[in-house]
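The values are calculated or read from the model by the stated rules, or taken from the named source; none is laboratory data. The structure displayed is predicted, hence computed values, not measured ones. When we count neighbours, we look across all protein chains shown, and the Cβ atoms used for this are built from the backbone with ideal geometry, even at glycine. Just so you know, the surface numbers come from the protein's heavy atoms only, side chains and all, with ligands and any DNA or RNA stripped out. Shrake-Rupley method; radii C 1.70, N 1.55, O 1.52, S 1.80 Å.
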Amino acid sequence: MLITPKIRGFICTTAHPQGCRRHVESEIAYLKGHLPALKNPPKKVLVIGASTGYGLSSRIVAAFGAKAQTIGVSFERPAADRRTATAGWYNTVAFEELATEAGLYAKSINGDAYSDEIKTQTLDLIRRDWGGEVDLIIYSLASPRRMHPKTGESLNSVLKPIGQSFAGKTVNIMSGELSAVNIEPADEEEIRQTVAVMGGEDWKFWIDALSEQKLLAKDAVTVAYSYIGPELTFPIYHEGTIGQAKKDLEKTAFELTEKLQQQGNGAAYISVNKGLVTQASAAIPVVPLYISILYKLMKAQGTHEGCIEQIVRLFSDRLYSGQPVPLDKGGRIRIDDLEMAPEIQTKITELWNIVNPDNLSDYADLAGYQEEFYRLFGFAWPGVDYELETEEKRAIPSIDV
Ligand code: NAD
């Protein structure tokens with residue numbers, strides 16, 4: 001079929017298989033010349049949330065950088081009834097094909113990572129193919145909902161401030177229209193549910209299950225991703241409902257480190273990453289405007305990074321540098337350092353206060369944001385002929401559909 005982008009709100013409902021392959025190829029190509037030799041790199045890596053964004057880049061760096069075997073878990077939709085698959089599905093197809101060509105073990109599990117069923121399937125695969133010895137687990141889920149595996153409760157996460165309503169501005173990335181946003185504060189129930197979806201409980205369930213079944217290497221490391229961001233997004237992010245969930249994730253990291261230390265020399269880390277364009281961040285009010293101003297400033301400064309650049313630094317400068325992992329006062333890994341640099345943040349605050357519909361294109365990299373957004377779904381990639389019909393049904397080699 002002929003595949004064109006179909007945008008609905010902050011999501012694109014179509015994806016292009018060749019473009020998604022170009023995306024994966026371009027991240028692999030970046031590794032050449034940018035990834036220094038790693039000290040004691042991981043060999044068997046489980047990535048939970050492996051098909052897009054930070055999780056996909058983590059899987060790429062683990063496989064093509066560290067030459068690790070990888071198992072990726074994600075929740076994506078295959079093509080059906082003249083509907084394309086999701087981008088994460090096509091990314092996984094491309095990742096597995098390219099990994100196999102490079103002689104790297106790569107298998108994927110598609111389904112709800114929150115469920116006991118998918119955990120059992122993944123652990124069975126790890127036992128069967130690897131006999132255990134998982135030495136890195138990346139936890140990179142971003143989801144609006146979770147069905148609790150023990151209680152059956154259906155939980156939803158919301159992006160709301162806590163305690164008081166929030167008035168700010170945001171941009172419609174597609175139309176470039178600047179508008180005011182007013183968001184009412186969350187109630188206790190919404191906070192509880194957001195923490196249940198995006199907090200640490202499910203991460204703990206994964207590590208507990210791997211540990212109970214003796215599938216972890218003695219020095220296993222696990223990393224979950226977080227975001228803090230600038231004060232101007234604090235009401236809606238760091239101090240809002242999602243921020244509460246991230247604090248719960250941080251608390252879980254300490255608990256998991258204790259557990260991993262009891263049975264070996266492992267550790268659980270939170271890595272605070274840079275704000276950038278992914279399917280998850282596009283959904284957060286205010287954040288796309290902040291990110292498009294940030295992109296403009298960081299590109300001008302020559303410090304702009306995407307997911308792959310971030311994860312290369314996570315592996316080479318933080319986790320596998322041969323030095324103790326550098327942590328901030330709160331015990332977190334920081335790879336958002338360039339975003340949070342005082343000169344960048346001072347400038348953003350200044351621009352934030354004066355940005356209006358007339359000067360928006362001077363201060364914000366809307367075109368850059370849009371291009372990255374399209375590219376997430378396999379569009380706007382050079383070298384792909386979007387005028388040609390293409391087969392939308394693609395199989396992930398390790399998955400029977
Ligand atoms: P993303 O939307 O690109 O990726 C989410 C991944 O989770 C996908 O692989 C998807 O298939 C998977 N997933 C979602 N629900 C699932 C389920 N029920 N079962 C199995 N897999 C499921 O998101 P992202 O932006 O890469 O975010 C990943 C993590 O990084 C999140 O914790 C996020 O808070 C954090 N982070 C994001 C940013 C940012 O700006 N995007 C910045 C810092 C930290």
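List of remarks:
- Selection status of E96, more than 12 Å from the ligand (Cβ to nearest atom), surrounded by 21 or more Cβ atoms within 10 Å (Cβ to Cβ) and on the phi < 0 side of the Ramachandran plot: yes
- Once the range 53-90 is narrowed to residues that are of a type in the set (S, T, Y) and over 19 Å from G19 (Cα atoms), the residue that is nearest to the ligand (Cβ to nearest atom) is S74.
- Inside the range 30-47, residues that are charged (D, E, K, R) and in contact with an Asp or Glu (Cβ under 7 Å, 6 or more places away or on another chain) make up a count of 2.
- Taking the conditions (1) under 30 Å from L351 (Cα atoms); (2) more than 25 Å from the chain's Cα centre (by Cα) in turn, A186 satisfies each one other than (2).
- Pair list, Cβ under 9 Å, 6 or more apart: the range 176-200 residue closer than 27 Å to A113 by Cβ, other residue among the β-branched types (V, I, T) and in a loop (DSSP other than H, G, I, E, B): A186/V158; A186/I162; E190/V158; I191/V158; I191/I162; Q193/V158; T194/V158
- Qualifying positions in the range 248-297 - among the β-branched types (V, I, T), open to solvent by less than 30 Å² (accessible area, probe 1.4 Å) and more than 9 Å from the ligand (Cβ to nearest atom): T252, I270, V286, I293
- Qualifying residue in the range 298-316 (condition: assigned to a loop (DSSP other than H, G, I, E, B), over 20 Å from T233 (Cα atoms) and open to solvent by 50 Å² or more (accessible area, probe 1.4 Å)): yes
- One residue alone among D336, D365, D385 is of a type in the set (D, E) and within 26 Å of I270 (Cα to Cα), and that residue is D336.
- Options Y54, Y30: the member that is surrounded by fewer than 24 Cβ atoms within 10 Å (Cβ to Cβ) and touching a residue at least 40 places away in the same chain (Cβ under 8 Å): Y30
- Some residue of the range 45-52 being modelled with pLDDT of 95 or more, more than 10 Å from the ligand (Cβ to nearest atom) and not aromatic (F, W, Y): yes
- Residue count for the range 202-247, restricted to those that are charged (D, E, K, R), more than 13 Å from the ligand (Cβ to nearest atom) and either assigned to a helix (DSSP H, G or I) or over 24 Å from P342 (Cβ atoms) (or both): 7
- Taking strands (runs of 3 or more DSSP E) as the structural unit, those lying wholly within the range 99-201 and holding at least 3 residues that are surrounded by 15 or more Cβ atoms within 10 Å (Cβ to Cβ), at pLDDT 95 or above and within 16 Å of the ligand (Cβ to nearest atom) correspond to 106-110, 134-139.
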